[in-house]
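First the structure, in the form of structure tokens, and then the observations on it.
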Amino acid sequence: MSKFGPASPPARPLQSPRQRQLAYELLDFPGSRKPLLLLAHTDVVEAKREDWSMDPFQLIERDGFFYGRGTSDDKAQAAVWIASLIRYRREGFKPHRDIIVALTADEEGGGPYNGVDWLIKNHRELIDAELALNEGGWGESDAGRKISNDLQVSEKYAINFRFEVRNKGGHSSLPVPDNAIYHLAGALERLSHFGFPLKTNEVTAAYFQKMAKIETGPVSEDLAKVPEGSQEAMQRVAAASPAWNATLRTTCVATQLEGGHAMNALPQLAAANVNCRVLPEDSLEYVRNGLQKVMADDQVTVRVVGDPSKGPASPMRPDVLNTISHVTSQLWPGVPVVPTMVMGATDGKSLRAAGIPTYDVQGFFMDRNDLRFHGRDERMSVQSFYEGQTFLYELVKILSKAGESIAALPPGSSQDLAEAAVGGTSERAHKIVQIL
């Protein structure tokens, strides 16, 4: 932990039991407002070289894209936060509140060494803030057309269930119908045809209201009816898009299998991990009871893995939403800001549960039909990166100035901001991505 300002000492990494957390703070400026926390994680999911068309752990610029594991999740935002602090200091910018940057570990892996959870438990005073900005909301585009700049204010929470069947087994030359693998396969087959009820909450209803004005064709009529509670419209909307389906209901899917102990033996064990992404209003008991009814087989046990938790939604504060909308309109005229509930999970959940409202917005536009988070050949458009850098730089400046949350940006046109996205600190941010 370190002060980041004139005559500042170097930042001091904070050591958790297994991982290092890094926090910078722009301090020593007068003001009565609580700090603004800028969060990003530096860990990434696993990537195998044989699965990729290039080295996943080397940043490569090719055909207008940055390729590499973590380019979109979440090293780009980490680089932008650091580049922005450098730029603020060089420009002599004086915020009316402290700006804290926390770069944390184990967001992807979770477990007992999650960086944000560790900071909340051991150094809450270092990240205590009025609000936080985080990953999780990105810009949606389609074939080059910018559709919306999404603002994530709530998220599903994850529950992993272990489906397990145990059996006495035996010699494979003497097969019987009572087979652990068959029991598990039947349960998973029934799960594949099951869907939890479709519904909306405050955030998702607002999302579909916005999308009804953005989308064209017959689907726009159905989108408009979703917030009104039309089950028929919800069914059609869910069928039209996996993302819309996941926004409207709790989902559960098999992700891992385990079974058998020998090629010539009847299995004594068959098990599967079922990963559920649960709506904030749905309880663990509700999901578990639903799954047990679907199993319809007393040979299949359903056990919760780990200790799942959920967090509340962030309030849709007019000052924050108006500021994000203002900066968005300056950079991308006509592109609306759409409040969303992310289908995955971020560290924002822990911050919200700890009483720090978190707004997940990035300004990095991704093709809605080619999202590569956690996937092969993960990438981000070079233009999207630099435009997102400018968006976040301007957003933080306004949010950190007293009474200016909905004030105009400094004089300059939308074109001025767009040009800034490929100048100034762009090369510096690029180098920071390489380092991270």
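The values are calculated or read from the model by the stated rules, or taken from the named source; none is laboratory data. Given the structure is predicted, the values throughout are model-derived calculations rather than measurements. Neighbour counts run over all protein chains shown; Cβ positions are idealised from the backbone, glycine included.
Summary table below
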{"quantity": "Residue in region 258-272 that is without any contact (Cβ under 8 Å) to a residue 40 or more places away in the chain, assigned to a strand (DSSP E or B) and over 21 Å from the mean Cα position of the chain (by Cα) present", "calculated": "yes"}
{"quantity": "Residue tally, condition within 11 Å of the chain's Cα centre (by Cα) and under 14 Å from K349 (Cα atoms), over region 120-153", "calculated": "6"}
{"quantity": "Qualifying position, being within 29 Å of L351 (Cβ to Cβ) and either of a type in the set (D, E) or in contact with a strand residue (DSSP E or B) (Cβ under 7 Å, 6 or more places away or on another chain) (or both), among A313, A272", "calculated": "A313"}
{"quantity": "Sole exception among (1) surrounded by fewer than 22 Cβ atoms within 10 Å (Cβ to Cβ); (2) at pLDDT 55 or above; (3) part of a loop (DSSP other than H, G, I, E, B) for Q383, by number", "calculated": "(3)"}
{"quantity": "Single residue of region 344-373 satisfying the filter (surrounded by 17 or more Cβ atoms within 10 Å (Cβ to Cβ) and aliphatic (A, V, I, L, M)) that is nearest to the chain's Cα centre (by Cα)", "calculated": "A345"}
{"quantity": "Lone qualifier among L131, L126 - being at pLDDT 95 or above, in contact with a strand residue (DSSP E or B) (Cβ under 7 Å, 6 or more places away or on another chain) and either more than 18 Å from S384 (Cβ to Cβ) or basic (K, R) (or both)", "calculated": "L131"}
{"quantity": "Any hit, region 293-310, residues being under 22 Å from the mean Cα position of the chain (by Cα), outside any strand (DSSP E or B) and crowded, with 20+ Cβ neighbours inside 10 Å", "calculated": "yes"}
{"quantity": "Qualifying helices (runs of 4 or more DSSP H) (wholly inside region 66-135; at least 3 residues being assigned by TED's automatic domain parsing to the domain that holds G344, under 30 Å from D55 (Cα atoms) and of a type in the set (D, E, K, R))", "calculated": "none"}
{"quantity": "Given (1) in a loop (DSSP other than H, G, I, E, B); (2) under 26 Å from G344 (Cα atoms), number of the condition R33 does not satisfy", "calculated": "(2)"}
{"quantity": "Residues of region 154-199 classified as over 30 Å from the mean Cα position of the chain (by Cα) and either surrounded by fewer than 15 Cβ atoms within 10 Å (Cβ to Cβ) or over 30 Å from L279 (Cα atoms) (or both), total", "calculated": "17"}
{"quantity": "Extreme residue, surrounded by the fewest Cβ atoms within 10 Å (Cβ to Cβ), among residues of region 315-333 that are at pLDDT 95 or above and not in a helix (DSSP H, G or I)", "calculated": "P333"}
{"quantity": "Which listed residue, of G344, G311, is touching a Leu at 6+ places or on another chain (Cβ under 8 Å) and closer than 29 Å to T104 by Cβ", "calculated": "G311"}
{"quantity": "Qualifying residues in region 136-153 (those that are touching a strand residue (DSSP E or B) at 6+ places or on another chain (Cβ under 6 Å) and either part of a loop (DSSP other than H, G, I, E, B) or of a type in the set (S, T, N, Q) (or both)) - the one surrounded by the fewest Cβ atoms within 10 Å (Cβ to Cβ)", "calculated": "S141"}
{"quantity": "Selection count, region 334-368, where residues are in contact (Cβ under 8 Å) with a residue 12 or more places away in the chain, in a loop (DSSP other than H, G, I, E, B) and under 29 Å from N160 (Cα atoms)", "calculated": "11"}
{"quantity": "Test for R376: is it within 16 Å of the chain's Cα centre (by Cα) and either at pLDDT 90 or above or surrounded by 15 or more Cβ atoms within 10 Å (Cβ to Cβ) (or both)", "calculated": "no"}
